[in-house]
Amino acid sequence: MSSLALMRWLEAAPERYDAGMRLLTLGRAARAHAFVAAAAARRDAQVLEIGCGTGALTERLVAGGAQVTAVDQNPEMLERARARLAEVGVLDRVELVERTAAESDALPAASRDAVVASFALSEMSRDERRHLLRAARRVLRPGGVLVLADEVVPPPGLWRALHCGLRAPQALLGWLLVGAVSRPLSNLPAELVEAGFRVRARQRWLLGGLEACVAVPVEGGGASGG
Ligand SMILES: C[S@@+](CC[C@H](N)C(=O)[O-])C[C@H]1O[C@@H](n2cnc3c(N)ncnc32)[C@H](O)[C@@H]1O
């Protein structure tokens, strides 16, 4: 996986984003998308997607039968997603909304069967993620699922050591390119538990550097606040 900086550089020109993602994840982004869509999409499920980017996951969700509200803060990415979904003739099953994840509060409670995000949480601060996970819990209907895939810190071992060794050059690259550094998630399952979810399934790729989690709300669980 690349640094957040590299991601942002790719996002700055959405036409190179998809090819860049394929390259950077050695094709595993597509597997993560397939995993998320399989866990979240079913016929007429109402799905909220956070950080839809160019719509690669959105397209898979719709193919699985879902109606999707796809949110992104970047209008250029949304335009790219709109073009992609129009091209495959499924725009009528998707609402594309320019909005930040934090604004998910505006959605009605218990209005979605699934909330999903791929490669978006690692671009957020810890506070933004906490806020988003609480909002996700609120908008999920009973029986709903939260499905996330993202760049994570690999488990202890050789690959983590290598990963740590690469942090300094990555940080420098980030600083040079966009004045930012990458933030692979250090413990996604723990963040989910803290927000009041139970992790039902996990999958890892790229020697543990890419992880997907399927989580369900725990009755009465989660930190205080709404
Ligand atoms: C790395 S891209 C991933 C795009 C897509 N989900 C995928 O898997 O290819 C991250 C996307 O999340 C969006 N994003 C990042 N932080 C966000 C936030 N706080 N609110 C809304 N969108 C956000 C970015 O604009 C970008 O389009």
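Among the criteria (1) open to solvent by less than 60 Å² (accessible area, probe 1.4 Å); (2) within 27 Å of GLY209 (Cα to Cα), the one LEU23 does not fulfil is (1). Say whether the condition of being modelled with pLDDT of 95 or more and either open to solvent by 20 Å² or more (accessible area, probe 1.4 Å) or in contact with a Gly (Cβ under 6 Å, 6 or more places away or on another chain) (or both) is met by at least one residue in the range 145-153. No, the range 145-153 contains no residue that is modelled with pLDDT of 95 or more and either open to solvent by 20 Å² or more (accessible area, probe 1.4 Å) or in contact with a Gly (Cβ under 6 Å, 6 or more places away or on another chain) (or both).
Of the numbered criteria (1) open to solvent by 50 Å² or more (accessible area, probe 1.4 Å); (2) within 12 Å of the ligand (Cβ to nearest atom); (3) at pLDDT 90 or above, the one ALA135 fails is (1). Among the residues making up the range 134-147, those that are touching a helix residue (DSSP H, G or I) at 6+ places or on another chain (Cβ under 8 Å) and within 19 Å of PHE35 (Cβ to Cβ) are ALA136, VAL145, LEU146, VAL147.
Could you list, in sequence order, all residues of the range 139-159 that are touching a residue at least 12 places away in the same chain (Cβ under 8 Å) and assigned to a helix (DSSP H, G or I)? Passing the criteria: VAL139, TRP159.
Here VAL97 passes the criteria (1) within 14 Å of the ligand (Cβ to nearest atom); (2) surrounded by 22 or more Cβ atoms within 10 Å (Cβ to Cβ) except the one numbered (2). Restricted to the range 104-132, and to residues that are of a type in the set (Asp, Glu) and within 8 Å of the ligand (Cβ to nearest atom), which residue is farthest from MET77 (Cα to Cα)? Among them, the one singled out is GLU128. With the range 29-138 as the region, which strands (runs of 3 or more DSSP E) entirely inside it contain at least 3 residues that are without any contact (Cβ under 8 Å) to a residue 40 or more places away in the chain? Per the criteria, 67-72, 94-98.
The values are calculated or read from the model by the stated rules, or taken from the named source; none is laboratory data. On a predicted model such as this, the values are computed, not experimentally measured, just so you know. Note that each Cβ is placed from the backbone with ideal geometry, even for glycine, and that neighbours are counted across all protein chains shown. Ligands, DNA and RNA are stripped out before the accessible areas are found, and what is left, the full protein with its side chains, is counted by its heavy atoms. Shrake-Rupley method; radii C 1.70, N 1.55, O 1.52, S 1.80 Å.
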